[in-house]
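The values are calculated or read from the model by the stated rules, or taken from the named source; none is laboratory data. All of these numbers come straight from a predicted model, not from anything done at the bench. Cβ: placed from backbone, ideal geometry, glycine included. Neighbour counts: every protein chain shown. Side chains included, ligands, DNA and RNA excluded: accessible areas come from the protein's heavy atoms. Shrake-Rupley method; radii C 1.70, N 1.55, O 1.52, S 1.80 Å.
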Amino acid sequence: MANSRFQKSRLVFVLLCFLFFVSRLRIFVAADDKSNESNKDDGYDFGVTEEDQIGDNSTISGGAYAAPSGVAMDQERSQLCNTDMSSFLPPPYNNISNMVCKPVWNTFLLRYHKKEDNVMTFILSAVYTTGWVAMGFSKDGRMVGSSAMVGWFNRKGQARIKEYYLQGARPSQVIEDAGELDLTKVPPAVVINGAMIYLAFQAKFEKPLASQPIILAFGTRYPNHYRLSSHDDKTAILFDFTAGSASRARTNAGQMKKNHGVLGTLAWALFLPSGAIVARYLKHKEPLWYYLHAGIQFLGFLLGLANVVLGQQLYSKIDANVPSHRGIGIFALTLSILQILAFFLRPKKDAKIRKYWNWYHHWFGRIALFFGVFNIVWGIHLGAAGTSWKIGFGFLITMILVTVIILETLSWLRRSGKTTPPETFQMNPI
């Protein structure tokens, strides 16, 4: 009778905790949707309001790349759009009439001209000091997966312009002489005139360009053997080539990425390993060890569940292409669900199937922990996370491993009869 009441109370406790956590998770996710923080390569929301129209007084910490403000900016842009390019651009770029000229970002101006057969001529100009300037064409507003034309002058004053494919967020994943732009036989050109650099190229498209996500970026360091340095700043815009207008793209997935990483780290690198440590090294504290183990593991499971839910929303929001990370995460969550089921199906100690249940519970838990920790490492790698993430995760895992090594050593010494460790570290073998 007492055991039956205990089973019922345990089930009620678990359900109440789960309902409470789900209610908190809704608030947590709603707050993420309102966030507009950005990371190295976030997804972009192309919803546009009147306040998003390009042409504001924004500046950046980019030295000569930053735009002036107010009336002076409008006058300077008007003068730059009226610049006679016939004296310094090579043909055919120097004799194209009726080019549309629009300011797109800070001192960046975009000129374009539509021809028959969906051939378009682009001339991007910006104030230039050193480094490189780039204009990319994206399918979804993200830098990863886009094709870009990049121009610069090296230290010897030699002009360089190449197409790059942005395969990933790291500099090593920016591949030269690759991309999806169908460049025409007209050679691209890069020219400096005064304080401005001009990138000119022609490309053919499958259909007339309408609203097109454009990536603009610059770096102040020279490319090394055509390998680009990290950008100093970038932006994404939605350019309407029909109306000749540009709209700012708002980022809204940066905080979601951070929360996804924090939840995963807390679940798989802190709570779930700690719960396993309690079960292995505190079994002499009956029944305290059991309640500690069950409570810590259940909390870790809820954090892991929230991590997968948030990761799924993030996956859809930025149209990510990381099937391995996603698959491993779902696999680890599935194993943790089986562990929760084991909590309710735990047989009595004297039951014949108890040893099989122990084997299942122990090894499924270890496998889940292995893949959970591995997926955190893989996610840090895929997301090109900063040094702080690597140091923090490394410190946490090191502390867990050191704790296990110390406790396991004390347990081995106790079993060997060489010493008697304090009662706190006594262990029942499993």
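For region 231-275, taking the residues that are open to solvent by 50 Å² or more (accessible area, probe 1.4 Å) and modelled with pLDDT of 85 or more, the one that is farthest from LEU333 (Cα to Cα) is identified as LYS258.
Scanning region 193-226 for residues that are among the polar types (S, T, N, Q), in contact (Cβ under 8 Å) with a residue 24 or more places away in the chain and either assigned to a strand (DSSP E or B) or touching a Leu at 6+ places or on another chain (Cβ under 9 Å) (or both) turns up ASN193, GLN202, SER211, GLN212. If the condition is being surrounded by fewer than 19 Cβ atoms within 10 Å (Cβ to Cβ), of a type in the set (A, V, I, L, M, F, W, C) and more than 19 Å from LEU310 (Cα to Cα), then region 385-395 contributes ILE391, PHE395. From the list ASN375, ASN358, the one residue that fits, being surrounded by 18 or more Cβ atoms within 10 Å (Cβ to Cβ) and not aliphatic (A, V, I, L, M), is ASN375.
Restricting attention to region 90-118, the residues that are closer than 17 Å to VAL150 by Cβ and of a type in the set (Gly, Ala, Ser) add up to 0. Evaluating ARG142 against the criteria (1) open to solvent by 40 Å² or more (accessible area, probe 1.4 Å); (2) assigned to a loop (DSSP other than H, G, I, E, B); (3) in contact (Cβ under 8 Å) with a residue 24 or more places away in the chain; (4) charged (D, E, K, R) leaves one unmet condition, (1).
Just name the residue that is surrounded by the fewest Cβ atoms within 10 Å (Cβ to Cβ) out of those in region 155-173 that are part of a strand (DSSP E or B) and of a type outside the set (Lys, Arg). Looking at the filtered set, the residue picked out is ALA159.
Selection of first residues in region 400-424 that are at pLDDT below 70 and of second residues that are part of a helix (DSSP H, G or I) and of a type in the set (A, V, I, L, M, F, W, C), restricted to Cβ pairs under 8 Å at least 6 apart or on distinct chains, gives the following pairs, ordered by first then second residue: THR419/LEU413; PRO421/LEU410; PRO421/LEU413.
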